[in-house]
1. Using a simple spin-label model with points 7 Å from Cα along the Cα→Cβ vector, what separation in nm is obtained for GLN281 and SER19?
2. What's the Kirkwood radius of region 118-177 in Å, using all Cα pairs?
3. In terms of Cα to Cα distance under 21 Å, which lysines are near enough to LYS14, apart from those fewer than 8 places away along the same chain?
4. Taking the Cα centre of region 89-149 as the origin and placing charges on Cβ (Lys, Arg +1; Asp, Glu -1), which of HIS95, LEU132, GLY110 is farthest toward the positive end of the dipole?
5. Can you pull the percent of the chain's accessible area that's carbon plus sulfur, 1.4 Å probe, other chains left in place?
6. Give me the extension gain from LYS326 to LYS48: residue separation times 0.36 nm, minus the current Cα-Cα distance, reported in nm with one decimal.
7. Among DSSP beta bridges lying fully in the chain, give the percent that are antiparallel, nearest 5.
8. Rank LEU96, LEU260, LEU249 by mean-square fluctuation in a GNM of the chain with C-alpha springs under 10 angstrom and give only the top-ranked residue.
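The values are calculated or read from the model by the stated rules, or taken from the named source; none is laboratory data. This structure is a prediction, so every number in the text was calculated from the model and none was measured. Cβ placement follows ideal geometry from the backbone for every residue including glycine, while neighbour counts extend to all protein chains displayed. All accessible areas refer to the heavy atoms of the entire protein, side chains included, with ligands and DNA or RNA removed. Shrake-Rupley method; radii C 1.70, N 1.55, O 1.52, S 1.80 Å.
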Amino acid sequence: MTSTNSQHSRLLNKELAKSQAKRSLERCKTLSEISQMQGGIHREYLSKEHQECNRVTAKWMNDAGMQTWQDEVGNLWGRLESSNPNAKRLIIGSHLDTVPNAGAYDGILGVLLAIEVAALAHKLKLDLPFHLDVVGFCDEEGTRFATTLIGSKALANEFDPQWLNIKDTSGITMRQAMFDFGLIPDDFTKAALNKNQLLGYWETHIEQGPVLESVNQALGVVTAIAGAKRAMITLTGQSGHAGTTPMNLRQDSLAGCAELTLAIEQLAKHATNSEVATVGQIHACPGATNVIAGKTTISLDARAQNDQDLTNLLAAIQTRAERIAKQRNLTLDWQWTHAADAVACDEKIQQLFASACEFNNQASPTLASGAGHDAMAIAAICPVGMLFIRSPGGVSHHPAETVIDDDVTKALSVLYSSLVLYVKELNS
């Protein structure tokens, strides 16, 4: 099993795969109990729960034969060293933070499967021509400081020093929170990686959607991570008495936003490349039953696998919004709150994952990710690839989030085969 030249070595013993996949699931449960809320899972950046999670996970990394450290922004690292001290780095991982009232697998399972891959490489004495680095990112969700991908952006040298001044809901700045955590805030630049030392980044993640379940497949190879833009759109008209203002004389902002909401849905439905758009919030003022809403704000979240497709969809939405505002004698205001470019997954890594699936007699359907992931930030410094695991019911960011045990075993087997195939490729 230590040779990487035979067909047999590319396949993981089924019982061993099942046993270690089961361990990763048990560890997901252990980490789910490290939570800052009662009766649910919530673990945010720079909290004492973040610290405890890193401590527990670091022990598992040590048990897998890895050296461990925590970087300058709070990411947790484990390394299985190559016999070549000057070797480059292959990074595998995901995130350890959660949204409030989360499920147990979003991000976390990807970190724990990466540890199991490292444990297998150590146990089976694979001669790695690279350092195998496992990362548990500190903040992907952006729950505490409303800034997403903090940990991965720091690695890509995209940590904005202005973030240190952002306050959480308790009035604590990120700078103070970093001090309290035991970090030196102004050292954030030291977390940045040298891209010349990197071979790539692999991330395993639950799909968080219904596509794989709809085709009855356990795993999928991700082709791209959708770009996204978010805005708050406000229509302003005139408040008035609900009983005395004739319908033809109204400047009803809520009715305008309702029309715009339906228009956004229709424009996205008629887009041709799987673009999506969502209105998830609406706030009408003054918000009384018997008062015409003079000012109403809706949220917009639009996503596409291609930046030009996203630009085209947003242009169509803006044109429709302007038309609605003009027809209803309303003023229109846009405030952009978030923007992320679409990211294509590396074609060679996609093929590597597909080949590993084939070796394991596993189908490898391709699909795009509508959700954002740490791979988006890391793509700025090295090739990235993602492997999705089926999400029963498409449920995520919810306590009902779950996985199928056999799917996790298959994912671990494919990751192991990917590693062995990659070693063989580099040595050939």
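1. Taking the two extended label points, one gets 5.0 nm.
2. 13.9 Å
3. Qualifying lysines at Cα under 21 Å: LYS22, LYS123, LYS125, LYS410.
4. Positive-most Cα among the choices belongs to LEU132.
5. Carbon-and-sulfur percentage of accessible area, whole number: 48.
6. Result for the pair: 94.9 nm of gain on full extension.
7. In the chain, approximately 70 percent of DSSP beta bridges are antiparallel ones.
8. LEU249
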